[in-house]
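My questions will all concern the structure given below.
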């Protein structure tokens, strides 16, 4: 990433989705050396339901998922203040990380937080209050597949769901 940061100073868009070798230090380096960066895509694999990737993506790749989304979010907020479009699908950031982004990237117009299950509606509302230019936000989808909960042990929920045709696991 250092090569990209030093040689591509006019970079306006960067997609580093599914790249697990990139750290918060790399993001800081890019931010310091690419002042024109407006679009950043830092999407990760769905770590909530890895069954989507079994047999396709090697386990060691999935297990390398960055564990500290707040550190990456702080690096983004501090180093890339002119962002207008940010995608953080399935990031493990929390309210603290989202606050860092909203304080540092006040020009955000688009924010994708799909799959960021560590965030609550209140966290998102508090952070988005600082983002005056925000036009679209993709909120986390809190649906967690039933396979994660082993619903065979809790069959009454499945029965309730089927009988009333609701999705009780969706918030």
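Test of understanding: among 106, 128, which residue is within 24 Å of residue 37 (Cβ to Cβ), at pLDDT 55 or above, out of contact with any strand residue (DSSP E or B) (no Cβ under 8 Å at 6 or more places or on another chain) and surrounded by 12 or more Cβ atoms within 10 Å (Cβ to Cβ)? Steps first, answer last, please.
Values: 128 fails: out of contact with any strand residue (DSSP E or B) (no Cβ under 8 Å at 6 or more places or on another chain).
Within the list 106, 128, the selection yields 106.
Hey, does region 44-65 have a residue that's in the same structural domain as residue 110 (by TED's automatic domain parsing), in a loop (DSSP other than H, G, I, E, B), at pLDDT 95 or above and within 17 Å of residue 115 (Cβ to Cβ)?
There is no residue in region 44-65 that is in the same structural domain as residue 110 (by TED's automatic domain parsing), in a loop (DSSP other than H, G, I, E, B), at pLDDT 95 or above and within 17 Å of residue 115 (Cβ to Cβ).
For region 72-97, what are the residues that are part of a helix (DSSP H, G or I) and surrounded by 18 or more Cβ atoms within 10 Å (Cβ to Cβ)?
72, 73, 74, 75, 76, 77, 78, 79, 97
Among the residues of region 87-102, is there at least one that is in the same structural domain as residue 23 (by TED's automatic domain parsing), farther than 13 Å from residue 141 by Cα and touching a strand residue (DSSP E or B) at 6+ places or on another chain (Cβ under 6 Å)?
For region 87-102, residues in the same structural domain as residue 23 (by TED's automatic domain parsing), farther than 13 Å from residue 141 by Cα and touching a strand residue (DSSP E or B) at 6+ places or on another chain (Cβ under 6 Å): present.
Given (1) assigned to a helix (DSSP H, G or I); (2) over 13 Å from the mean Cα position of the chain (by Cα); (3) at pLDDT below 95, identify the lone condition not met by residue 100.
Looking at each condition in turn, residue 100 falls short on (3).
Still on this model: Is region 6-21 home to any residue that is under 17 Å from the mean Cα position of the chain (by Cα), in a helix (DSSP H, G or I) and closer than 30 Å to residue 58 by Cα?
No, there is no match, as no residue in region 6-21 is under 17 Å from the mean Cα position of the chain (by Cα), in a helix (DSSP H, G or I) and closer than 30 Å to residue 58 by Cα.
For residues that are more than 20 Å from residue 110 (Cα to Cα) and touching a helix residue (DSSP H, G or I) at 6+ places or on another chain (Cβ under 8 Å), scanning just region 9-22, find the one that is surrounded by the most Cβ atoms within 10 Å (Cβ to Cβ).
Result: 20.
The values are calculated or read from the model by the stated rules, or taken from the named source; none is laboratory data. Quick caveat: nothing in here was measured; it's all calculated off a predicted structure. Here Cβ is always computed from backbone atoms with ideal geometry, including for glycine, and neighbour counts include all displayed protein chains.
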